[in-house]
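Enquirer: Please find one structure pasted underneath; my questions will follow.
The values are calculated or read from the model by the stated rules, or taken from the named source; none is laboratory data. Note that this is a predicted model, so its numbers are computed, not measured. Cβ atoms come from the backbone with ideal geometry, glycine included; neighbour counts cover every protein chain shown.
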Amino acid sequence: MRPSESIRSISYLKAHTAEIIRTVTETRTPLIVTQNGEAKVVVQDIYSYEQMQESLAMLKLLAQSSQSIRDGDVVPAEKVFSDLKKRLRARK
């Protein structure tokens, strides 16, 4: 679906709901819905939505990690692995 075809009015959405859901699901192309000529919402298939949420969560983790590094709140990998080995030996 071309970008110019992925913008529809709310009245079109109401009249063609099943068709729109089928198209959005098959093409994984989001649909922008307008009301009074202004973009209001985006209709997106669930798979793309879940992927986007997972990507956002990963980006948030990366941002938090970068901030921790900037703040000096880090532990060298050698120490982490050494501590893990000690804990595993203690459990035996």
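Enquirer: Looking at the structure I just gave you, is V33 in a strand (DSSP E or B), modelled with pLDDT of 95 or more and touching a strand residue (DSSP E or B) at 6+ places or on another chain (Cβ under 6 Å)? Before you say what the answer is, go through the steps one by one.
Expert: Values: in a strand (DSSP E or B): yes; modelled with pLDDT of 95 or more: yes; touching a strand residue (DSSP E or B) at 6+ places or on another chain (Cβ under 6 Å): yes.
It is true that V33 is in a strand (DSSP E or B), modelled with pLDDT of 95 or more and touching a strand residue (DSSP E or B) at 6+ places or on another chain (Cβ under 6 Å).
Enquirer: Being in a helix (DSSP H, G or I), surrounded by fewer than 10 Cβ atoms within 10 Å (Cβ to Cβ) and either among the small types (G, A, S) or modelled with pLDDT of 95 or more (or both) narrows it down to one of A63, A90, so name that one. Walk me through how you get there before you give the answer.
Expert: On the way: A63 fails: surrounded by fewer than 10 Cβ atoms within 10 Å (Cβ to Cβ).
It is A90.
Enquirer: Oh, and also: Could you list, in sequence order, all residues of segment 25-60 that are surrounded by 10 or more Cβ atoms within 10 Å (Cβ to Cβ) and among the polar types (S, T, N, Q)?
Expert: Passing the criteria: T25, T27, T29, T34, Q35, Q44, S48, Q51, Q53, S55.
Enquirer: Can you find, within segment 1-30, the residue that is modelled with the lowest pLDDT among those that are of a type in the set (D, E, K, R) and part of a loop (DSSP other than H, G, I, E, B)?
Expert: Taking segment 1-30 first, the residues of a type in the set (D, E, K, R) are 2, 5, 8, 14, 19, 22, 26, 28.
Still in the running and part of a loop (DSSP other than H, G, I, E, B): 2, 28.
On the way: R2: 67, R28: 95.
Here the answer is R2.
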